[in-house]
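**Q** Got a structure here, written out as structure tokens. Questions coming.
The values are calculated or read from the model by the stated rules, or taken from the named source; none is laboratory data. In this text the structure is predicted, and so the values were computed from the model without any measurement. Positions of Cβ are backbone-derived with ideal geometry, glycine not excepted, and every protein chain shown enters the neighbour counts.
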Amino acid sequence: MEALAQREATAARRGGRVAGRALDAFEQLAGGLATSVLAVVALLWVAVCAVACVVGVGFWLLPGALRAARAVSDRERARLTRSGREVIGPHPVPDRLRAALADTAVRRELGWLVCASTLGLVLGLLGLTLPLNAARDATFVLWWRSVAEEFRSPSFAPWIVQGWAGAFAVTLAGFAWVAIAVGVAPWMARLQSWPGRRLLSPDRGTDLAMRVQELTATRAGALDAHAAELRRIERSLHDGTQNRIVAVSLLLGAAQRALARDPAEAAPLLGRAQDAAEQALVELRAVARSILPAVLEDRSLGDALSGLAATSPVPCQLDAADIGRCAASVEATAYFVVAEALTNVVRHSQAQGSVVTVRRIDDRLEVAVQDDGVGGAAEMSAGASTGGGSGIAGIRRRVRAHDGTFTLTSPVGGPTRLEVTLPCGL
Amino acid sequence: MRIVIAEDDALLREGLALLLRAEGLDVVATATDPAGLLAAVAEHRPDVAIVDVRMPPTHTDEGIVAAVEARRRQPGLAVLVLSAYVEEAFATDLLAHGSAGLGYLLKERVGRVEEFLDALRRVAAGGAAIDPDVVAQLFARTRSDGRLDRLSPREREVLAVMAEGLGNAAIAARLFVTEGAVHKHIRSIFAKLDLAPTDLADRRVTAVLRYLEEARGRA
């Protein structure tokens, strides 16, 4: 019985996943259709300018057309980056026409314009009409009698349905269409984005050079983040813990002097000294915890995060099942991200609650923190050392150092959602 | 003795004020940052300011800068600087214009109340109070030109205590020797280091610190 229920639950989950993937795919196809339409316009404009070269004016217009093509390509790059691996843009289009036409990135973009205006457009239109028609047919039996006779036909054949049997047949076929659409959509989306992924990402040599540049930058960021972290620890030890211990010493010294004068005077001083010693211990624990929470070492990331969620002043719901183990530095960064994000939630969002989701997708760890607060969170300039912005900059630096991705969406009025993915590094 | 305290840590600030008042000293004002210190000094014209090195906004050397500025505005103001750790550059900045009425101590020295009060009184009276750790660090970093090596072990001890700003009597008490012996050691030290002899404690401190610094420069 239980096994059956479990199997049903698994099947339901799988069904939900398939539907979700299909929905994503249709969304991608629609987005691709939008860039395809833009690509058609850009391609036409480039073609017109090229023809106009015959009479001379084209030479003036062509650079602008190429920049327009770049703008459309960048839009596609951004779209592809949102739905999968990052597609890095090339250096700007050269100002001089000859150099621009010799530029491989520009040529590849022109190639992509051709693909997008044909294949991309067709796939996009299909992606849009297929689910609509499938839905229309699948519900055919419900409405066929309420429309005029000439509309009583399935979307895939010019056949007028005359009786209930035919209507049921159309509906059945409609369900088949839905199944096909759901099954095929991810493939179509992949096929549609394929030319972009192929032609809009830098070619191999450039790719490696840019990769090196990126790694150099993120490594510097990692070292900066490390130095900032050490500075923070030094500061909390010197300005916090040390001051507490100095206070203990001072109060004990005062108590000693008081004992010589009047023992009754010494008692409150000793009490204050003990309070200060206890404060020192609390601060020391906080510092140690902020360096690397012991529970992260001994237990797991999930346990460490549930500790964080439990102690957050704003109620926090944690969903971090089956994430397994990652490299220690990755777990520490994930922990840091959540800790910092929750601190921001408490400090700035005025939220009533927050949700932390951690998922393991293949060899990547996806962390999302969302609150129901006022939104409007933004990263401040790098120089700022106070406020929530610096926390976000710190998160970005640490995530980039791991070659991870970071997105923050926080419209004014909320909600704020912070998403981070990290390679597990195992 | 009228005292102003500038310390951003509330517990320490109040603890210090409590301690000094219990000893019958007059704490006229406390401040939490450099601006507050300068305002308090202008308003109360104290004899001594006790200043923490690390204060807002950046928690680096605000205290030193504020102390130097306070002395510029009120010449003769004695300043005792408390530091979380020995940073010789702080000491050098602070003592750039002589050591009369200046002190630079590690924070934890406040726990040894007797010695702390001694240092405070010395500074208020125009003398100097340099933390033993600062002196030790200066000695350790001084790969000397050879002249320091000419000192006997006893003379080096005397030199170190002298550099803290102690007078002859206090040096004698610390090292368990007679004042006459201290006097003799000091004359010998000054001769060996080619320094002009003086009995004024703060002049001696300046001379010795400058000597140690120059010796490092030469090395």
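**Q** Can you pull out the helices (runs of 4 or more DSSP H) entirely within the stretch A:87-185 that have at least 1 residues that are more than 15 Å from A:ARG70 (Cα to Cα), in contact with a Phe, Trp or Tyr (Cβ under 7 Å, 6 or more places away or on another chain) and touching a residue at least 24 places away in the same chain (Cβ under 8 Å)? First the steps, then the outcome.
**A** Values: elements: A:97-102, A:104-115, A:121-138, A:140-143.
The helices (runs of 4 or more DSSP H) meeting that bar are A:121-138, A:140-143.
**Q** Across the stretch A:226-251, which residue is farthest from the chain's Cα centre (by Cα) among those that are more than 7 Å from chain B (Cβ to nearest Cβ) and among the aliphatic types (A, V, I, L, M)?
**A** A:VAL248
**Q** Would the stretch A:189-202 turn up any residue that is assigned to a helix (DSSP H, G or I), away from chain B (no Cβ under 14 Å) and farther than 30 Å from A:ASN133 by Cα? Even if it seems obvious, please write down each step before you answer.
**A** Residues of the stretch A:189-202 that are assigned to a helix (DSSP H, G or I), as a first pass: A:189-199.
Applying the additional criterion that residues be away from chain B (no Cβ under 14 Å) yields A:189-199.
Those left that are additionally farther than 30 Å from A:ASN133 by Cα: A:198-199.
Scanning the stretch A:189-202, I find at least one residue that is assigned to a helix (DSSP H, G or I), away from chain B (no Cβ under 14 Å) and farther than 30 Å from A:ASN133 by Cα, so the answer is yes.
**Q** I'd like to know if the stretch B:73-84 contains one or more residues that are surrounded by fewer than 24 Cβ atoms within 10 Å (Cβ to Cβ) and part of a helix (DSSP H, G or I).
**A** Yes; the residues of the stretch B:73-84 include at least one that is surrounded by fewer than 24 Cβ atoms within 10 Å (Cβ to Cβ) and part of a helix (DSSP H, G or I).
**Q** Can I ask one more? So, in the stretch B:8-31, of the ones that are of a type in the set (D, E, K, R) and touching a strand residue (DSSP E or B) at 6+ places or on another chain (Cβ under 7 Å), which residue ends up nearest to the other protein chains (Cβ to nearest Cβ)? Steps first, answer last, please.
**A** Our first condition is that a residue be of a type in the set (D, E, K, R); within the stretch B:8-31, this holds for B:8-9, B:13-14, B:21, B:23, B:26.
Subset that is touching a strand residue (DSSP E or B) at 6+ places or on another chain (Cβ under 7 Å): B:8, B:13, B:21, B:26.
Details: B:ASP8: 8, B:ARG13: 10, B:ARG21: 10, B:ASP26: 17 Å.
Looking at residues that are of a type in the set (D, E, K, R) and touching a strand residue (DSSP E or B) at 6+ places or on another chain (Cβ under 7 Å), I get B:ASP8.
**Q** When you scan the stretch A:282-302, do you find a residue that is within 14 Å of chain B (Cβ to nearest Cβ), within 26 Å of B:LEU19 (Cα to Cα) and crowded, with 18+ Cβ neighbours inside 10 Å, even just one?
**A** So in the stretch A:282-302, the residues within 14 Å of chain B (Cβ to nearest Cβ) come out as A:282-283.
Pick out the ones that are also within 26 Å of B:LEU19 (Cα to Cα) and you get A:282-283.
Then drop every residue that is not crowded, with 18+ Cβ neighbours inside 10 Å, which leaves A:283.
So far as the stretch A:282-302 goes, yes, one or more of its residues are within 14 Å of chain B (Cβ to nearest Cβ), within 26 Å of B:LEU19 (Cα to Cα) and crowded, with 18+ Cβ neighbours inside 10 Å.
**Q** While we're looking at this one, here's another question. When you look at A:ALA254, is it under 29 Å from the mean Cα position of the chain (by Cα), part of a helix (DSSP H, G or I) and either farther than 30 Å from B:ALA84 by Cβ or at pLDDT 85 or above (or both), yes or no? I'd like the intermediate steps shown before the answer.
**A** On the way: under 29 Å from the mean Cα position of the chain (by Cα): no; part of a helix (DSSP H, G or I): yes; either farther than 30 Å from B:ALA84 by Cβ or at pLDDT 85 or above (or both): yes.
Considered against the rule, which asks whether it is under 29 Å from the mean Cα position of the chain (by Cα), part of a helix (DSSP H, G or I) and either farther than 30 Å from B:ALA84 by Cβ or at pLDDT 85 or above (or both), A:ALA254 comes out as no.
**Q** So, one more: Give me a count of the residues in the stretch A:327-358 that are in a helix (DSSP H, G or I) and of a type outside the set (Asp, Glu).
**A** Keep residues of the stretch A:327-358 that are in a helix (DSSP H, G or I), which gives A:328-349.
Cutting the leftovers down to of a type outside the set (Asp, Glu) gives us A:328-330, A:332-339, A:341-349.
The qualifying residues number 20.
**Q** Another one. Among the residues of the stretch A:316-371 satisfying the criterion of being aliphatic (A, V, I, L, M) and in contact with an Asp or Glu (Cβ under 6 Å, 6 or more places away or on another chain), which is farthest from A:ARG397 (Cα to Cα)?
**A** Looking at residues that are aliphatic (A, V, I, L, M) and in contact with an Asp or Glu (Cβ under 6 Å, 6 or more places away or on another chain), I get A:ALA351.
**Q** For the stretch B:55-66, name all the residues that are assigned to a loop (DSSP other than H, G, I, E, B) and buried (at least 22 other Cβ atoms within 10 Å of the Cβ). Steps first, answer last, please.
**A** Taking the stretch B:55-66 and keeping what is assigned to a loop (DSSP other than H, G, I, E, B), we get B:55-61.
Scanning the stretch B:55-66 gives a single hit, B:MET55.
**Q** Follow-up question, since we're still on this one. Sort out which residues of the stretch B:9-25 are charged (D, E, K, R) and in contact with a helix residue (DSSP H, G or I) (Cβ under 8 Å, 6 or more places away or on another chain), and write them in order of number.
**A** Hits for the stretch B:9-25 are B:ASP9, B:GLU23.
**Q** Additional query: Would you mind stating whether B:ALA35 is closer than 30 Å to A:ALA260 by Cβ and either β-branched (Val, Ile, Thr) or free of Cβ contacts under 8 Å to residues at least 40 places away in the same chain (or both)? Let's see the steps before the verdict.
**A** Details: closer than 30 Å to A:ALA260 by Cβ: no; either β-branched (Val, Ile, Thr) or free of Cβ contacts under 8 Å to residues at least 40 places away in the same chain (or both): yes.
No, not satisfied.
**Q** Give the stretch A:213-267 a look and list any residue that's crowded, with 17+ Cβ neighbours inside 10 Å and acidic (Asp, Glu), or say none.
**A** A:ASP239
**Q** Name the one entry in A:VAL72, A:VAL46, A:VAL54 that is within 19 Å of A:SER193 (Cα to Cα) and of a type in the set (Val, Ile, Thr).
**A** Working: A:VAL46 fails: within 19 Å of A:SER193 (Cα to Cα); A:VAL54 fails: within 19 Å of A:SER193 (Cα to Cα).
A:VAL72 is the lone residue from the list that is within 19 Å of A:SER193 (Cα to Cα) and of a type in the set (Val, Ile, Thr).
**Q** Keeping to the stretch A:63-95, report how many residues are more than 25 Å from A:THR405 (Cα to Cα) and out of contact with any Pro (no Cβ under 8 Å at 6 or more places or on another chain).
**A** First pass over the stretch A:63-95, keeping only residues more than 25 Å from A:THR405 (Cα to Cα): A:63-69, A:93-95.
With out of contact with any Pro (no Cβ under 8 Å at 6 or more places or on another chain) added as a condition, the list becomes A:63-69, A:94.
Going through the stretch A:63-95 one residue at a time, the tally reaches 8.
**Q** Also: Can you find, within the stretch B:32-43, the residue that is nearest to the other protein chains (Cβ to nearest Cβ) among those that are of a type in the set (A, V, I, L, M) and surrounded by fewer than 23 Cβ atoms within 10 Å (Cβ to Cβ)? Step through it out loud before you land on a result.
**A** We begin by selecting, within the stretch B:32-43, every residue of a type in the set (A, V, I, L, M); these are B:35, B:37-42.
This time we only want the ones that are surrounded by fewer than 23 Cβ atoms within 10 Å (Cβ to Cβ), so: B:35, B:38-40, B:42.
On the way: B:ALA35: 18, B:LEU38: 21, B:ALA39: 23, B:ALA40: 21, B:ALA42: 27 Å.
Selected residue: B:ALA35.
**Q** If you don't mind, another one. Going residue by residue through the stretch A:292-305, is there one that turns out to be in a helix (DSSP H, G or I) and touching a Pro at 6+ places or on another chain (Cβ under 6 Å)? Before you say what the answer is, go through the steps one by one.
**A** Residues of the stretch A:292-305 that are in a helix (DSSP H, G or I), as a first pass: A:294-298, A:301-305.
Imposing the further condition that a residue be touching a Pro at 6+ places or on another chain (Cβ under 6 Å) reduces the set to A:304.
For the stretch A:292-305, residues in a helix (DSSP H, G or I) and touching a Pro at 6+ places or on another chain (Cβ under 6 Å): present.
**Q** A follow-up question, please. Any residue at all in the stretch A:209-224 that is more than 30 Å from A:SER155 (Cα to Cα), of a type in the set (Asp, Glu) and over 28 Å from the mean Cα position of the chain (by Cα)? If you could, list the steps in order and put the result at the bottom.
**A** Initial filter on the stretch A:209-224 (more than 30 Å from A:SER155 (Cα to Cα)): A:209-224.
Now drop any that are not of a type in the set (Asp, Glu), which leaves A:214, A:224.
Within this subset, residues satisfying the condition of being over 28 Å from the mean Cα position of the chain (by Cα) are none.
No: the stretch A:209-224 contains no residue that is more than 30 Å from A:SER155 (Cα to Cα), of a type in the set (Asp, Glu) and over 28 Å from the mean Cα position of the chain (by Cα).
**Q** Another question about this same structure. Being farther than 24 Å from A:PRO186 by Cβ and not aliphatic (A, V, I, L, M) is the filter here; which residues of the stretch A:21-64 pass it? Don't jump to the end; show me each part of the working.
**A** Just the residues of the stretch A:21-64 that are farther than 24 Å from A:PRO186 by Cβ, to begin with: A:40-64.
Once the filter is applied, which keeps residues that are farther than 24 Å from A:PRO186 by Cβ and not aliphatic (A, V, I, L, M), the stretch A:21-64 yields A:TRP45, A:CYS49, A:CYS53, A:GLY56, A:GLY58, A:PHE59, A:TRP60, A:PRO63, A:GLY64.
**Q** Out of the stretch B:96-107, which residues are within 14 Å of chain A (Cβ to nearest Cβ) and either free of Cβ contacts under 8 Å to residues at least 24 places away in the same chain or part of a strand (DSSP E or B) (or both)? Break it down stepwise before answering.
**A** So in the stretch B:96-107, the residues within 14 Å of chain A (Cβ to nearest Cβ) come out as B:105-107.
B:LEU105, B:LEU106 - these are the residues of the stretch B:96-107 that are within 14 Å of chain A (Cβ to nearest Cβ) and either free of Cβ contacts under 8 Å to residues at least 24 places away in the same chain or part of a strand (DSSP E or B) (or both).
**Q** Is there any pair linking a residue in the stretch A:213-235 that is closer than 18 Å to A:ALA393 by Cβ to one that is of a type in the set (Phe, Trp, Tyr) and assigned to a helix (DSSP H, G or I), with Cβ under 8 Å and at least six apart or on different chains, and which?
**A** none
**Q** Name the residues in the stretch A:253-272 that are more than 15 Å from B:LEU117 (Cα to Cα) and facing chain B (nearest Cβ under 7 Å), would you?
**A** Within the stretch A:253-272, none qualify.
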